[in-house]
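Participant: Let me begin by handing over the structure; questions about it come next.
Rule-based calculations on the coordinates, nothing more; no lab input. Keep in mind that this is a model prediction, so the values were computed, not measured. FYI the Cβ positions are ideal-geometry reconstructions off the backbone, even for glycines, and counts take in every protein chain you see.
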């Protein structure tokens, strides 16, 4: 029987060997991170820093990519399930997007004049989503910021409501959270440098909780908009269809704009996004990621009553019409960038041609993959359970809150993550995305890599032994 000290010694020896193997395999990524740290301020190189994993803590530096694979600067090959944080629905460098970009590069990058494909891209978005009008920005943050400004302008109100666990970009106006201070629930900024005054105009509620609807009703005279991520990446198993329908009814009756943040769900779960999936018609929606085909993009779409705040609304040549709607401020040098518009046009035409079959098949494959993952976790006594919403998958939450950063499952995932990277599986900390480029062989390899990693961790005393009551 092993003593506690001998178990700790075995664990430390194993971690030392893992660090040595991993850093040798990815030595150039580590060298580049260290070399440029003095000049490159990079959240990707420090976010979630953990002292026990300090020597492993550096981003993999990619050199090239194709299909479901990426290759790093040391020549290591990975099956990629991060997929550009949800961008690459068709895998890396798909031929139809590459062709569109090459053709546009031959024609030049004209900034200033109207982009040749801007109108066609807007029309394709309207046809797929059912929205009336579209405007373009460069990022999701800008798109959400603009949608909120349009709602506030249209409603002549300042306060907005959003939900805990949702992420709407990195501008001050949504970087708030609910926190219990001295026994009282208060709204506070999430980080230093965000003015405390921003909380005055934001209500933070619990997503999916009927009491949140009561809070919205109580503030209906103040609220310009309710901002919602229909399925949060941190809680993919929380898919409250009934709540969303009730929210839509309440906001309509109260004259509050309903904004769907569909950066992740847009064009992924269905050609019409989460609105089509849940049968809810928002007043405004924001899109990005997939539709840009790898190029930076943010899209604001919605009903003309709101979108007319960009340009004054519809008018015609040859008569007495003119832009009559009240406008707010909107600008951006690189909005409607020619390369972005060319890539988006190619993506939207591809989605239109494929129809909903593309998403249906990918959704089904992801559900089957997540089932295989959960069976693997159970068989290996790993305290992890995954859930998916379409081709997005991640940790299943317990109750109404997101998984704890300090939970046993988070620690297990951190150890697994480095093992999987060592075995050539590139992933998010707690989940990822499937693309149409992933093969059955890719997915089988990932499941086997998890099994092999769990066995090694268990042999090193870093995972508990499998109970004889568990299936093998």
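Participant: For residue 222 and residue 321 in the same chain, what is the full-extension length gain: residue separation times 0.36 nm, less their Cα-Cα distance, in nm?
Facilitator: 32.3 nm
Participant: Then there is this: Could the peptides 8-20, 129-141, 335-347, 68-80 be put in order, highest first, of the mean number of other beta-carbon atoms found within 10 Å of their residues?
Facilitator: Final packing ranking: 335-347, 129-141, 68-80, 8-20.
Participant: At a Förster distance of 35 Å, what's the computed FRET efficiency of residue 123 paired with residue 197, Cβ-Cβ distance as r, to 0.05?
Facilitator: Result of the calculation: an efficiency of 0.30.
Participant: Pull out the extension gain between residue 46 and residue 441, defined as 0.36 nm times the separation in residues minus the alpha carbon to alpha carbon distance; nm, one decimal.
Facilitator: 138.9 nm
Participant: Let me ask something else. Relative contact order, percent, of segment 95-354 when contacts are C-alpha pairs under 8 Å separated by at least 6 residues?
Facilitator: 29
Participant: For Cα pairs less than 8 Å apart in space and 6+ apart in sequence, what is the mean separation divided by the residue count of segment 1-80, i.e. the relative contact order in percent?
Facilitator: Normalised by residue count, the contact order of segment 1-80 is 26 percent.
Participant: Okay, moving on. In nm, give the distance between the simple-model label positions of residue 354 and residue 54, each being 7 Å from the Cα along the Cα-to-Cβ direction.
Facilitator: Computed distance between label sites residue 354 and residue 54 equals 4.5 nm.
Participant: Need one number: nm distance between label points at residue 132 and residue 107, each 7 Å from Cα along Cα→Cβ, rounded to one decimal.
Facilitator: Once both label points are built, they end up 3.0 nm from each other.
Participant: Sort 277-287, 420-430, 42-52, 22-32 by packing, meaning the average of other beta carbons within 10 Å per residue, with the highest value first.
Facilitator: 277-287, 420-430, 22-32, 42-52
Participant: Label points 7 Å out from Cα along the Cβ direction at residue 27 and residue 114: separation in nm?
Facilitator: My value for the distance between the label points is 5.7 nm.
Participant: Size of segment 95-354 along its principal axes in angstrom, Cα-based, largest extent first?
Facilitator: So the three principal-axis extents are 63, 46, 38 Å.
Participant: While we're looking at this one, here's another question. Cα centroids of segment 116-164 and segment 193-212: how far apart, whole angstrom?
Facilitator: A separation of 21 Å, based on Cα centres.
Participant: Within segment 208-250, whose backbone N sits under 15 Å from a point 7 Å along Cα→Cβ of residue 374?
Facilitator: 235-239
Participant: Per residue, what volume in Å³ does the convex hull of the Cα atoms of the chain enclose?
Facilitator: So the per-residue Cα hull volume is 182 Å³.
Participant: Measure of size requested: the Rg and Dmax of segment 41-153, with Cα atoms as the atom set and Å as the unit; please supply both.
Facilitator: According to the Cα coordinates of segment 41-153, Rg and Dmax are 19.2, 53 Å.
Participant: Restricting to the chain, what percent of DSSP beta bridges are antiparallel, rounded to 5?
Facilitator: That works out to approximately 65 percent antiparallel.
Participant: Next question. So how tilted is helix 338-354 from the main axis of the chain? Cα-based, degrees 0 to 90, rounded to 10.
Facilitator: That works out to roughly 80 degrees.
Participant: How high is the relative contact order of the chain, in percent, with contacts defined as C-alpha pairs under 8 Å that are six or more residues apart?
Facilitator: Relative contact order here is 20 percent.
Participant: Run the helix sum for the chain: -39,500 (n - 2.57) per DSSP H stretch of 4+ residues, divided by residue count, reported at 222 nm to the nearest 500 deg cm²/dmol.
Facilitator: -13000 deg cm²/dmol
Participant: Let me ask something additional. Compute the long axis of helix 118-129 from its Cα atoms, compare it with the longest principal axis of the Cα atoms of the chain, and write down the angle in degrees, 0 to 90, nearest 10.
Facilitator: Once rounded, one gets 70 degrees.
Participant: What do you get for the angle between helix 440-459 and the principal long axis of the chain? Use alpha-carbon atoms, 0 to 90 degrees, nearest ten.
Facilitator: Relative to the chain, helix 440-459 is tipped by roughly 50 degrees.
Participant: For segment 89-203, restrict the atom set to alpha-carbon positions and state the Rg and Dmax in Å.
Facilitator: Looking at segment 89-203, its Cα Rg and Dmax stand at 19.7, 63 Å.
Participant: In whole angstrom, how far apart do the alpha carbon centroids of segment 51-98 and segment 272-286 sit?
Facilitator: After rounding, the separation between the Cα centres reads 30 Å.
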